[in-house]
Amino acid sequence: MLSGIELAQAQQLLASIQKKLPGQLAIMEVCGTHTTAISKYGLRPLLEPLRLLSGPGCPVCVTAAGDLDRMIALAGAGCIVATFGDLLRVPGSKTSLEQEQADGADVRIVYSPLDALKIAANNRQRPVVFLGVGFETTAPAMALAVKQAKERGLTNFYLYSCLKTVVPALHALLAAPHGLDGLLLPGHVSSVIGRQAQDFVASLYGMPAAVVGFGERDILLGIAAVVRMIEEGKPGVINAYPRVVREEGNLLAQKLLAETFNIAAAEWRGFGVIPASGYVLKPEFAGHDAALLFDLPHGAVPQEQEACRCGDVLRGAIIPTECALFAGRCLPLTPLGPCMVSSEGACAAYYRYDRKKGVAPA
Ligand code: SF4
């Protein structure tokens with residue numbers, strides 16, 4: 001918790017800077033963990049009129065409906081589909097993995113890809129497909145699982161990679177029209193890719209940004225740093241999380257990723273296909289690549305159900321309460337989109353923490 005003095009200092013700083021600026025500032029917290037932390041700490045009402053917007057950094061939320069449909073098809077075809085719990089309730093275009101599980105498909109929740117490897121070892125006669133989502137922070141564990149599967153001869157273990165890399169999504173976000181004044185960059189991803197890999201945010205797009213940690217004080221200091229850069233008109237990418245993030249990142253993790261994956265185009269909910277934004281297995285691991293080895297449906301499917309606006313939430317175009325379905329037809333137990341399902345989803349965070357704090361639609 002912040003001490004009263006620290007909070008007062010941060011608020012004082014923000015208030016003094018905001019007074020000098022015309023209009024309302026909009027800062028995006030790119031990472032879903034930041035979205036949840038900001039809501040949990042109750043920072044949104046404290047920081048008004050600053051508008052804090054969520055971004056594309058929730059891996060479950062940006063997973064495309066078509067990818068879910070492909071896993072649902074495999075589950076229906078007799079494969080064991082293993083994945084993280086959050087993904088089960090995310091709607092595909094017609095149904096969800098949870099619904100398929102209720103109808104008898106073998107869908108299993110795991111806490112790590114190594115759990116899926118154990119399932120494969122215990123079910124050698126059956127194909128086990130791990131639906132892997134995440135960014136640079138979770139991709140190394142999936143790389144290790146695939147390497148282990150190859151070393152141990154677990155030929156029935158497959159990865160369906162929905163793994164994504166964050167930098168191309170930042171390019172896609174900033175190259176399109178947006179109303180953002182600054183960014184809070186993800187601390188976990190930055191610990192792998194490093195601060196300097198994100199210098200382009202300021203040098204190419206003139207956008208002030210800070211790499212930020214996950215405590216209350218971390219977040220407030222990051223916001224204060226971004227607001228200061230906006231006020232001074234000197235955009236940069238500063239490291240407000242130096243106890244974890246280095247300039248060059250984690251070279252061992254980067255090496256592991258480079259040994260295991262190639263980079264290819266990937267589909268993101270809310271953005272469509274972004275070139276060079278996904279991790280796909282290298283040819284030497286083709287024997288474990290579900291995307292290559294299974295006959296999967298490849299038709300385009302709508303990204304959203306009905307009037308769900310997850311895409312707009314993920315691009316920072318709206319906040320969750322501006323979706324007409326929020327807390328009405330769309331609830332945590334009956335979600336219409338992934339942003340209400342995932343533990344890092346913006347709609348889930350607003351529902352759980354902000355709804356009762358008077359965070360109203362703009
Ligand atoms: S509140 Fe529900 S329907 Fe609206 S954007 Fe969020 S997940 Fe989609």
Across P242, P59, P140, the residue with the highest GNM fluctuation in the chain (Cα network, 10 Å cutoff) is P242
Counting only residues 5 or more places away or on other chains, whose amide H sits under 5 Å from the amide H of A82 once H atoms are built in the peptide plane?
-> R108, V129, F130, L131
For the charge dipole of segment 96-218, defined by +1 on Lys and Arg C-beta atoms and -1 on Asp and Glu C-beta atoms about the Cα centroid, which residue among T165, A202, L154 has the Cα displaced farthest towards the positive pole?
-> L154
For segment 222-259 and segment 79-132, write down the distance between their C-alpha centroids in whole Å.
-> 35
Accessible surface, 1.4 Å probe, highest first, among residues E216, E344 | E344, E216
If you build a Gaussian network model of the chain, linking Cα atoms that sit under 10 Å apart, which residue out of L117, L292, L68 swings the most?
-> L292
Using a 1.4 Å probe on the protein chains only, how many percent of the accessible area of the chain belongs to carbon and sulfur?
-> 55
Lysine-lysine proximity count for the chain, Cα under 17 Å, sequence distance 8 or more or distinct chains = 11
Residue by residue through segment 163-177, the couplings from Karplus 6.51 cos²θ - 1.76 cosθ + 1.60 with θ = phi - 60°, in Hz, x for Gly and Pro, are 5, 9, 10, 6, 4, x, 5, 5, 4, 4, 5, 7, 6, 8, x
Around G153, with a cut-off of 14 angstrom between Cβ atoms, what is the net charge of the other residues, counting Lys and Arg +1 and Asp and Glu -1?
-> +3
Output the relative contact order of segment 170-211, whole-number percent, from Cα pairs under 8 angstrom with separation of 6+ residues.
-> 53
SASA check, H171, accessible area w/ 1.4 Å probe, all protein chains in place, rounded to nearest 10 Å², comes out at 60
Relative to the longest principal axis of the chain, what angle (0 to 90°, nearest 10) does the C-alpha long axis of helix 139-152 take?
-> 20
For segment 185-253, run through the trypsin sites (Lys or Arg not before Pro) and keep only the ones in DSSP coil with at most 13 other Cβ atoms within 10 Å of their Cβ.
-> R243
Roughly what angle does helix 113-122 make with the longest principal axis of the chain, taking Cα atoms, 0 to 90 degrees, to the nearest 10?
-> 10
What net charge is computed for the residues neighbouring E322, neighbours being all others with C-beta under 12 Å from the C-beta of E322, Lys and Arg scored +1, Asp and Glu -1?
-> +1
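Nearest-5 percent of antiparallel DSSP beta bridges in the chain?
Roughly 25 percent of the beta bridges in the chain run antiparallel, per DSSP.
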GNM on the chain, C-alpha springs below 10 Å: top fluctuator among P91, P186, P297?
-> P297
Working note, segment 310-354: Cα radius of gyration (Å, one decimal) and Dmax (Å, whole number) are 9.0, 25
Can you run phi through the Karplus equation (6.51, -1.76, 1.60; θ = phi - 60°) for segment 33-50 and list ³J(HN,Hα) in whole Hz, with x for Gly and Pro?
-> 5, 5, 4, 5, 5, 4, 5, 4, 7, x, 7, 4, x, 5, 9, 4, x, 4
Using only Cα atoms, tell me the angle between helix 65-76 and the longest principal axis of the chain; keep it within 0 to 90° and round to the nearest 10.
-> 30
Please report the Cα spread of segment 47-134 along all three principal axes, rounded to whole Å, starting with the longest.
-> 58, 29, 18
Would you kindly give the portion of the calculated P(r) for the chain that falls above 36 Å, as a percent of all Cα pairs?
-> 22
Could you order Y351, Y111 by accessible surface area, starting with the largest, using a probe radius of 1.4 Å?
-> Y111, Y351
Computed, not fitted: 222 nm per-residue ellipticity of the chain from DSSP H runs ≥ 4 (each -39500 (n - 2.57)), nearest 500, equal to -10500 deg cm²/dmol
Per residue, accessible area of segment 310-354 with a 1.4 Å probe, heavy atoms of protein chains only, in Å², comes to 35
Excluding ligands and nucleic acids, what accessible area in Å² is computed for F200 using a 1.4 Å probe, to the nearest 10?
-> 30
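Tally Lys/Arg at +1 and Asp/Glu at -1 over every other residue whose Cβ is under 15 Å from the Cβ of A73; what's the total?
In short, -4.
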Along segment 84-101, Karplus-curve 3J(HN,Hα) (6.51, -1.76, 1.60; θ = phi - 60°) to the nearest Hz, with x for Gly and Pro, reads 6, x, 4, 6, 4, 8, 5, x, x, 6, 10, 8, 10, 4, 4, 5, 5, 4
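The values are calculated or read from the model by the stated rules, or taken from the named source; none is laboratory data. Please read these numbers as outputs of a predicted model, since none were measured by experiment. Glycine also receives a Cβ, built like all others from the backbone with ideal geometry; neighbour counts cover every protein chain displayed. Keep in mind that these areas ignore ligands, DNA and RNA; they rest on the heavy atoms of the full protein, side chains included. Shrake-Rupley method; radii C 1.70, N 1.55, O 1.52, S 1.80 Å.
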